[in-house]
Ligand SMILES: [Zn+2]
């Protein structure tokens, strides 16, 4: 019998996604999906808040997990992609639905 105590809160490696705003935790009975919501309590100081948005049974295959991640990334409730830098970002980092804050500053001359 393997000792699984240390893996009960394991965060899956999603570095291939190049999206730091999504996390998946593999727990003993569930796989839980989190997204990072960004709010701006102070200008230039974004606040991150990890929110669980989905969970599935821990027996799900890697394909299913990848499929769910893909669904989340494509869900416009959570993420939009910037038409300039093409990054996929949480809504809190977007200026409208076409530009992210950075590109809005750099290309539209909008100052935050
Ligand atoms: Zn951008």
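The values are calculated or read from the model by the stated rules, or taken from the named source; none is laboratory data. Please read these numbers as outputs of a predicted model, since none were measured by experiment. No Cβ is skipped: glycine too gets one built from the backbone with ideal geometry, and neighbour counts run over all protein chains shown.
In summary, residue 80 fulfils each of the numbered conditions (1) touching a helix residue (DSSP H, G or I) at 6+ places or on another chain (Cβ under 8 Å); (2) farther than 15 Å from residue 26 by Cα; (3) part of a strand (DSSP E or B); (4) touching a residue at least 24 places away in the same chain (Cβ under 8 Å) with the single exception of condition (4).
Take residue 36 and decide whether it is near the ligand (Cβ under 9 Å from one of its atoms) and under 19 Å from residue 19 (Cβ atoms).
Details: near the ligand (Cβ under 9 Å from one of its atoms): no; under 19 Å from residue 19 (Cβ atoms): yes.
When the stated conditions are applied, residue 36 does not pass them.
Yes or no: the stretch 92-104 includes at least one residue that is under 26 Å from residue 12 (Cα atoms), more than 10 Å from the ligand (Cβ to nearest atom) and in contact with a strand residue (DSSP E or B) (Cβ under 6 Å, 6 or more places away or on another chain). Yes.
Applying the condition of being buried (at least 18 other Cβ atoms within 10 Å of the Cβ) and within 19 Å of residue 12 (Cβ to Cβ) to the stretch 69-87 and asking which residue is nearest to the ligand (Cβ to nearest atom) yields 79.
Residue 31 meets the conditions (1) surrounded by fewer than 13 Cβ atoms within 10 Å (Cβ to Cβ); (2) modelled with pLDDT of 95 or more; (3) in contact with a strand residue (DSSP E or B) (Cβ under 7 Å, 6 or more places away or on another chain); (4) farther than 30 Å from residue 110 by Cα in every case but one. The failed one is (1).
Output the residues belonging to the stretch 40-59 that are touching a residue at least 24 places away in the same chain (Cβ under 8 Å), surrounded by 10 or more Cβ atoms within 10 Å (Cβ to Cβ) and part of a strand (DSSP E or B). It would help to see each step written out before you state the result.
So the first thing to find is which residues in the stretch 40-59 are touching a residue at least 24 places away in the same chain (Cβ under 8 Å), and the list is 40, 43-44, 46, 50, 53, 55-58.
Cutting the leftovers down to surrounded by 10 or more Cβ atoms within 10 Å (Cβ to Cβ) gives us 40, 46, 50, 53, 55-56, 58.
Scanning the stretch 40-59 gives 40, 46, 50, 53, 55, 56.
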